[in-house]
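Below is one structure; the comments refer to it alone.
The values are calculated or read from the model by the stated rules, or taken from the named source; none is laboratory data. From a predicted model like this one, the values you see are computed outputs, not experimental measurements. Neighbour counts are summed over all protein chains in view; Cβ atoms, including those assigned to glycine, are modelled from backbone coordinates with ideal geometry.
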Ligand code: PGA
């Protein structure tokens, strides 16, 4: 295992991916595309934080985290704090996300918020298809597909969540479930847009439970997701897509997770609510080194 990893990290792909070789020196077109790929570390605050708490967190984190060359931070506060967090963001490597959106631009949809409104407030990203939306609020792959198209239409980028329930994993259906979620939510998405996507693999049994997928379990599913994207579009596009892991990500497991070949980011719930723990996650070291 260690040898295989060593081999990977010394490969061209890895060097390009982490910016060790820059695009100008590489003649590998795919490598140049990958060199632009920064990892994404996203804080999903769910239904937590008042305005004051959201702004004070955003200010502290920006002050405390040093320059980030190979990664971006995404903050997803509740709708009520979006405008305030937008105003508090001054760093170019910090982006704003909403946690959901409706697919229509406007209309008689009491309680909903449209993609046009989210763009208006300054969102860069929208999280879609989170398992809490699917399992508590009954969202389907079909509505997620409409939302995903709307997010692009209104000039933002989707972070599409997929993941299996515990009984689906135990009955050997993980790949079937995730394959279906991907095929349906990504139906009709053209190649130009596909490369800008982020997909978050969040095993439902790992969300908020303290049970993280092992790095091997996560890598296996991430590789499957990348292959599926290659079959939907092509390998080059699949390599550009950021595939994030979510589910009990913590300061003490982020390094080993980020060291996996196909893991390009983290979607963090509980551990994103405190500056100290989220700062450590943002400052992950993919080799598991400490200093
Ligand atoms: P967790 O949540 O980090 O608290 O497990 C992750 C998520 O729901 O995105």
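Observations on the model:
- From 120, 124, residue being in contact with a strand residue (DSSP E or B) (Cβ under 7 Å, 6 or more places away or on another chain) and either under 18 Å from residue 97 (Cβ atoms) or within 16 Å of the ligand (Cβ to nearest atom) (or both): 124
- Restricted to strands (runs of 3 or more DSSP E) entirely inside region 178-291, those with at least 1 residues that are more than 20 Å from residue 94 (Cβ to Cβ) are 198-201, 242-246.
- Within region 268-287, residues that are within 9 Å of residue 254 (Cα to Cα) sit with their Cβ atoms under 7 Å from residues that are in a helix (DSSP H, G or I) and near the ligand (Cβ under 10 Å from one of its atoms), at 6+ positions apart or across chains, in these pairs: 281/271.
- Looking across region 135-167, just one residue is buried (at least 18 other Cβ atoms within 10 Å of the Cβ) and free of Cβ contacts under 8 Å to residues at least 12 places away in the same chain, and that is 139.
- Within region 61-72, tally of residues that are surrounded by fewer than 17 Cβ atoms within 10 Å (Cβ to Cβ) and over 16 Å from residue 96 (Cα atoms): 6
- Pairs meeting the criteria (first residue in region 41-64 and under 24 Å from residue 244 (Cα atoms) and at pLDDT below 95, second residue within 12 Å of the ligand (Cβ to nearest atom) and assigned to a loop (DSSP other than H, G, I, E, B), beta carbons under 8 Å, at least 6 apart or on different chains) are lacking.
- Of all residues in region 138-148, none are assigned to a loop (DSSP other than H, G, I, E, B) and within 21 Å of residue 275 (Cα to Cα).
- Criterion: under 30 Å from residue 52 (Cβ atoms) and modelled with pLDDT of 95 or more - qualifying residue of 216, 276: 276
Results for (1) within 16 Å of the ligand (Cβ to nearest atom); (2) within 16 Å of the chain's Cα centre (by Cα); (3) in contact (Cβ under 8 Å) with a residue 40 or more places away in the chain; (4) on the phi < 0 side of the Ramachandran plot, shown as yes or no for each residue.
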{"residue": "203", "(1), (2), (3), (4)": "yes, yes, yes, yes"}
{"residue": "217", "(1), (2), (3), (4)": "yes, no, no, yes"}
{"residue": "222", "(1), (2), (3), (4)": "yes, yes, yes, yes"}
{"residue": "233", "(1), (2), (3), (4)": "no, no, yes, yes"}
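- Selection of region 205-215 for residues being within 11 Å of the ligand (Cβ to nearest atom) and out of contact with any helix residue (DSSP H, G or I) (no Cβ under 8 Å at 6 or more places or on another chain) yields 206, 209, 210.
- Of all residues in region 235-251, those satisfying the criterion of being away from the ligand (no atom under 13 Å from the Cβ) and either without any contact (Cβ under 8 Å) to a residue 60 or more places away in the chain or closer than 20 Å to residue 75 by Cα (or both) are 237, 238, 241, 242, 243.
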